[in-house]
Amino acid sequence: MDAVKKKILRTNKVLVKFYGVPPRPEHPPDPVDMLIGTILSQNTNDKNSYKAFITLKSSAKSWEETAKFTRSKIESLIKIAGLGKQKSNAIKNFLVMLLTTYNKVTLDHLTELNNSQIIEELTSYPGVGNKTANCVLLFALMRNVCPVDTHVHRLSNRMGIVDASTPDKTSLLLNGSMPIGIAHQFHTNLIRLGREICKASKPQCANCPLVRICEYKEKNLTGESVYKINDFMLLDNIR
C-alpha cells in the first residue's frame, strides 16, 4: 500500500469517528442537475447556491425549456449565487450544446463511459473544469472519485497527505490512491472540517480531531473551544 493511500485511510478513519459517515440520497441525482448545481456552487456558500438551483430549475418545466432562456434571464434567476454573468454563460452554453447534440438535455450516456472519458467530455463544455466533472462522477454516477475544491486542496496539503501546488495536482494524487468505497465520506467530511475548524486563516487546531496526525508545522493550539457547525452540503441535496 502506498503512502498516500495509508494517509487517506488514517485520516478518513478519524473523521468518520468524529463526524460519522455522511448520509447519501437513496437515489442519485440526474447528472445534468448535478453539473448545473456544481457550477452554481463556485465561489459562494452552499445555501445560496442551493437557492439559486431551486429557483432556476423551478422556473421552467424542463431543462430543454431553460435552454431557450436568454443568458440575461438565467443570470437574473441565479443572482443570489454570485458571478452571474460567468455562471449564466456556462449554464446557457452547456444546455444549448446538449440540446443541439442530442435533441434533448441529457447526460444519460455517461453511464456507459469510464471516468477518463467522462472527464474528457464534460470538460469540453466551456466553464466546466475537473472539479465539476468529478462532482458529477461522485454524486450523480456514484463513482469512487474525490472532487478537490479549495478545502480539500488546502487540508490535504496542510496535513501532509499530499504535496501539490494546485487543486488539479492534488486531485491526481488523491484519486490515484483513493481506497475503494470511501471517496464520498472522505470528501464530505474533509470539506466540513475545512469549513468549521481547519480554516484558511487561524485554524482551530485545538479543536481538530486530526491534530495528532497532522503534519502542519504552524498549528494554532490556542483557538476557541467552540466552533460553528456548518454541515449543509449542496451536492448531497440536489434533486
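Looking only at residues in segment 61-85 that are crowded, with 21+ Cβ neighbours inside 10 Å and of a type in the set (Val, Ile, Thr), which one is farthest from Leu95 (Cα to Cα)?
Ile78
Checking the conditions here, which among Lys47, Lys6, Lys13 is closer than 30 Å to Val211 by Cα and at pLDDT below 95?
Lys47
When both residues are 6+ apart or on different chains and their Cβ atoms are under 6 Å apart, which pairs have a first residue that lies in segment 100-120 and is farther than 18 Å from Lys131 by Cα and modelled with pLDDT under 95, and a second that is aromatic (Phe, Trp, Tyr) and surrounded by fewer than 11 Cβ atoms within 10 Å (Cβ to Cβ)?
So the pair list comes out empty.
Return the pairs, sorted by first residue and then second, in which the second residue is surrounded by fewer than 20 Cβ atoms within 10 Å (Cβ to Cβ) and of a type in the set (A, V, I, L, M, F, W, C), the first residue lies in segment 36-56 and is without any contact (Cβ under 8 Å) to a residue 60 or more places away in the chain and in a helix (DSSP H, G or I), the beta carbons are less than 8 Å apart, and the residues are 6+ apart or on different chains.
Within 8 Å, the pairs are Asn48/Ile80; Lys51/Ile80; Ala52/Ile80; Thr55/Ile80.
Touching a Gly at 6+ places or on another chain (Cβ under 9 Å), assigned to a helix (DSSP H, G or I) and within 22 Å of Arg143 (Cα to Cα) - does that describe any residue in segment 70-87?
No, the conditions are met nowhere in segment 70-87.
If a residue counts only when it is without any contact (Cβ under 8 Å) to a residue 24 or more places away in the chain and within 30 Å of Leu113 (Cα to Cα), which helices (runs of 4 or more DSSP H) contained entirely in segment 126-239 have at least 3 such residues?
Per the criteria, 167-175.
How many residues does segment 140-158 contain that are over 12 Å from the mean Cα position of the chain (by Cα) and surrounded by 21 or more Cβ atoms within 10 Å (Cβ to Cβ)?
2
If you check Leu9 against the conditions, is it within 30 Å of Ile229 (Cα to Cα) and either in contact with an Asp or Glu (Cβ under 7 Å, 6 or more places away or on another chain) or in the same structural domain as Leu174 (by TED's automatic domain parsing) (or both)?
Answer is yes for this residue.
Which count do you get for residues in segment 195-234 that are modelled with pLDDT under 90 and within 27 Å of Phe139 (Cα to Cα)?
7
Considering only segment 148-162, I want to know if a residue exists there that is at pLDDT 95 or above and in contact with a Phe, Trp or Tyr (Cβ under 6 Å, 6 or more places away or on another chain).
Yes, segment 148-162 has at least one match.
Take the conditions crowded, with 18+ Cβ neighbours inside 10 Å and out of contact with any Phe, Trp or Tyr (no Cβ under 9 Å at 6 or more places or on another chain) and apply them to Leu137. Does it pass?
When the stated conditions are applied, Leu137 passes them.
The values are calculated or read from the model by the stated rules, or taken from the named source; none is laboratory data. Computed from a predicted structure; not experimentally measured. Cβ sites come from the backbone with ideal geometry, for glycine too, and all protein chains shown count toward neighbours.
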